[in-house]
């Protein structure tokens, strides 16, 4: 599990039992907690209850038990998700990403993003710092790529023609330079889209131009 998590770019803190986990949480801020039910000294259920007394951090419970009542017990004391062993590590990664997205979306609703941030699902564009993150991972863009993305994101839901994109980003009159725009769109998709062939953010409107989806 640790290898898979680190390969996804996550930083990890590990504890051998529930008591050690509580001690770590006293001195570290974390974004998500994975607890095994069966642990020495302090089991996962008790650890979950104690964590919930002070934190609303997402918690995923792991257990070899598969009875419905065991799942209900874990969820009723404050766990956000429950994974039964044995499981595919990729399933756990997917659950982790889902919980982080859900928690971050709730946090953004509770505390609106700063005026210099454009948030579209898990895509965050900080216009002041020229910083872009997708699923909390920073994406390196060239200045032109950033300006194209910012323009589309600032007009999400609206179709922008290639000549308008070119003139607003390059500050020059559009002179049959559609290839320039197309190349930058392709590079953007390669960087921010999970599947560039089936883009989630930047859609092509054939014969007109491009638009940024207004995802919730």
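The values are calculated or read from the model by the stated rules, or taken from the named source; none is laboratory data. Quick caveat, the model's predicted, so the values are computed rather than measured. Here Cβ is always computed from backbone atoms with ideal geometry, including for glycine, and neighbour counts include all displayed protein chains.
At-a-glance table
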read-out	value
Lone unmet requirement of (1) at pLDDT below 90; (2) surrounded by fewer than 16 Cβ atoms within 10 Å (Cβ to Cβ) for residue 177	(2)
Where a residue in the range 50-76 is more than 19 Å from residue 17 (Cα to Cα) and its partner, wherever it lies, is modelled with pLDDT under 75 and surrounded by fewer than 17 Cβ atoms within 10 Å (Cβ to Cβ), with Cβ under 7 Å and at least six apart	none
Search result, residues across the range 129-162 that are out of contact with any helix residue (DSSP H, G or I) (no Cβ under 8 Å at 6 or more places or on another chain) and over 30 Å from residue 101 (Cα atoms)	161
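For every residue, the table says whether it meets (1) under 19 Å from residue 83 (Cβ atoms); (2) outside the structural domain of residue 90 (by TED's automatic domain parsing); (3) modelled with pLDDT of 90 or more; (4) not in a helix (DSSP H, G or I).
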{"residue": "23", "(1), (2), (3), (4)": "no, no, yes, no"}
{"residue": "29", "(1), (2), (3), (4)": "no, no, no, yes"}
{"residue": "34", "(1), (2), (3), (4)": "yes, no, yes, yes"}
{"residue": "41", "(1), (2), (3), (4)": "no, no, no, yes"}
{"residue": "45", "(1), (2), (3), (4)": "yes, no, no, no"}
